[in-house]
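Only one structure is covered here, and it is reproduced in the block below.
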Amino acid sequence: MTGPELTIANWLLALAPVALLVVTILALDWSAPRAGAAAWLLALALGLAVFGAARDHVAIASAKGLSLALFVLTIVWASVYMFNLVDRLRGIDAIGRAMARLANDRLTQALLIGWGFSSFIQGITGFGVPIAVAAPLLIMLGFSPARAAGMALVGHGWAVTFGSMGSSYYTIQLVTGIEGEVIAPHMALLFAPVILVSGALVAHIQGGLDAVRRSLPVVILAGGVMAAGMYALAVAGAPQIASSVPAVLGMVAIALVARTPLFRGEPASLEAPAEPDGESGEGMPFWLAFMPYLLLITLSVISQIGPIKEAVSGLRWALDYPGFVTAEGFAVPAVDDYAPIRLLNHPAPLIAFSVLVSAALYVLAGRWRRGGGRGGGARAEGGGGGPPHPGGGGVVVWGGRRAGV
């Protein structure tokens, strides 16, 4: 036998935990931990009572799920911590203001911030932070709150799969079992047209079809740079930076093409965001604010160099799991080194090293603030710990002023 008989009843029972998870979150507004626990309990009961699993089978399957969760969560924890550290030291302010100063044209500002900058933040951390960071900056530039939120929501959409330092991609790759060198390039190719569409949609939100026509050269050229960068990094085996680096390259392309005769813009009527209170003329330099991400990008590239990658290939942490066969005849094969966390191929160690070096540089440069390395949310009011999220009804403070998200 190869498992339980495939019938409508068995199919519905197997689907039940997933359906329960969706219903409790969408219809009953349960939190993700509560909904996940309920779905796991239902899967546990069905496995033991219907699908022939024994207690040790359930323990092995649950432990494998925890290994996979640890693989992904270490990326999430590390990336969000680095973002919060830079944000507490006013580095995100400095990066955002630098982006805003690249152009004084309204449409260019929309593309730079709503498309490029929000995608960069998605590549680094995700989880609603791109909207909470990019939307207030657009509001400070004079865009209406609705347009600012719409641009940020649409603009970063292409960066989600390789975003959050590749956590979503790694989850897909581990669950499907498809090798990274096979699945990553195909995923990058699938998102190439999405990059162009997201840029055009940001332009449309800013100024309708006329803005789309005027921005077409910028969208095509910058979008092409983003798509090529994503594909190159996917092929090179660096999915953890396959959204953030292309976004940076795209912002550079937007700024350059917008200064050529190919682009007809509309001058902005408002100045760039004000400096934070008490820091006028003394804000953090862009190079220092961007240092953690520059280090992370550099380390990610170095980790893919053949001899280095080969030398550290054995430095990893992972668990081996035995195989088993259920009473219904379904065979689960044994697996060695399940969801391995490698020293130079997993994003979390690279982020940790970047944070340590950057913290030392901030101290030497006199930019360290008391409490800058503590956990908790970014510089936001109205919410609890963790990164600001537009659904939380928080208030993000940017440039000494408030902007509701």
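The values are calculated or read from the model by the stated rules, or taken from the named source; none is laboratory data. Note that the coordinates shown come from a computational prediction; the quantities given were computed from them, not determined experimentally. Positions of Cβ are generated from backbone atoms using ideal geometry, with glycine treated the same way; all protein chains shown enter the neighbour counts. For the accessible areas, the whole protein counts, side chains as well, though only heavy atoms, and no ligand, DNA or RNA atoms are used. Shrake-Rupley method; radii C 1.70, N 1.55, O 1.52, S 1.80 Å.
Over all other residues within a Cβ to Cβ distance under 15 Å of LEU350, the charged ones net out to +3, with Lys and Arg as +1 and Asp and Glu as -1.
I'd like the orientation of helix 129-140 relative to the chain: the angle between its Cα long axis and the longest Cα principal axis, in ° from 0 to 90, rounded to 10. In the chain, helix 129-140 runs at an angle near 20 degrees to the longest axis.
Springs between alpha-carbon pairs under 10 angstrom, Gaussian network model over the chain: which of VAL219, VAL72, VAL252 fluctuates most? Largest GNM mean-square fluctuation: VAL252.
Computed in the context of the full set of protein chains, the accessible area of the chain at 1.4 Å probe radius has 67% of its extent on carbon or sulfur. At a probe radius of 1.4 angstrom, the accessible area of the stretch 105-146 per residue rounds to 13 square angstrom. Per-residue ellipticity at 222 nm from helix content only, as computed over the chain with -39500 (n - 2.57) for each DSSP H run of at least four residues, stands at -19500 deg cm²/dmol.
Counting heavy atoms of the protein chains alone, HIS186 has an accessible area of about 120 Å² for a 1.4 Å probe.
In the chain, excluding the sites themselves, the longest stretch lacking any of the GluC sites (Glu not before Pro) that are in a DSSP loop with at most 11 other Cβ atoms within 10 Å is 6-178. Please work out which option in [x] 71, 47, 41; [y] 60, 45, 39; [z] 63, 54, 50 gives Cα extents along the principal axes in Å calculated from these coordinates, and answer with its label. Comparing each candidate, only [x] matches the computed number. The accessible area of TYR362, taken with all protein chains in place and a 1.4 Å probe, comes to roughly 0 Å². Enumerate the whole-percent occupancy of each 10 Å bin, from 0 to the last occupied one, for all C-alpha pair distances of the stretch 1-127. Per 10 Å bin, starting at zero, the Cα-Cα P(r) for the stretch 1-127 comes out as 10, 24, 23, 18, 14, 9, 2 percent. Over the chain, Cα pairs under 8 Å with separation of 6+ residues give a relative contact order of 22 percent. Note that the stretch 49-62 has calculated 3J(HN,Hα) couplings of 8, 10, 9, x, 7, 9, 4, 5, 5, 5, 5, 5, 4, 5 Hz, one per residue in order, obtained from phi through the Karplus relation 6.51 cos²θ - 1.76 cosθ + 1.60 (θ = phi - 60°); glycine and proline are x. A Gaussian network model of the chain, with springs between Cα atoms under 10 Å, assigns the largest mean-square fluctuation among GLY126, GLY91, GLY177 to GLY177.
Separation of the stretch 302-328 from the stretch 330-374 is 18 Å, based on Cα centroids. Other residues within the sphere of radius under 13 Å centred on the Cβ of ALA14, judged by their own Cβ, net out at -2 (K and R +1, D and E -1). Between GLY237 and any residue 5 or more places off or on another chain, the built amide H atoms are never under 5 Å apart. Between ILE8 and ALA334, the simple label model (points 7 Å from Cα in the Cβ direction) yields a spacing of 4.2 nm. Considering only PHE143, PHE286, PHE51, the mean-square fluctuation computed in a Gaussian network model of the chain, springs between alpha carbons under 10 angstrom, is largest for PHE51.
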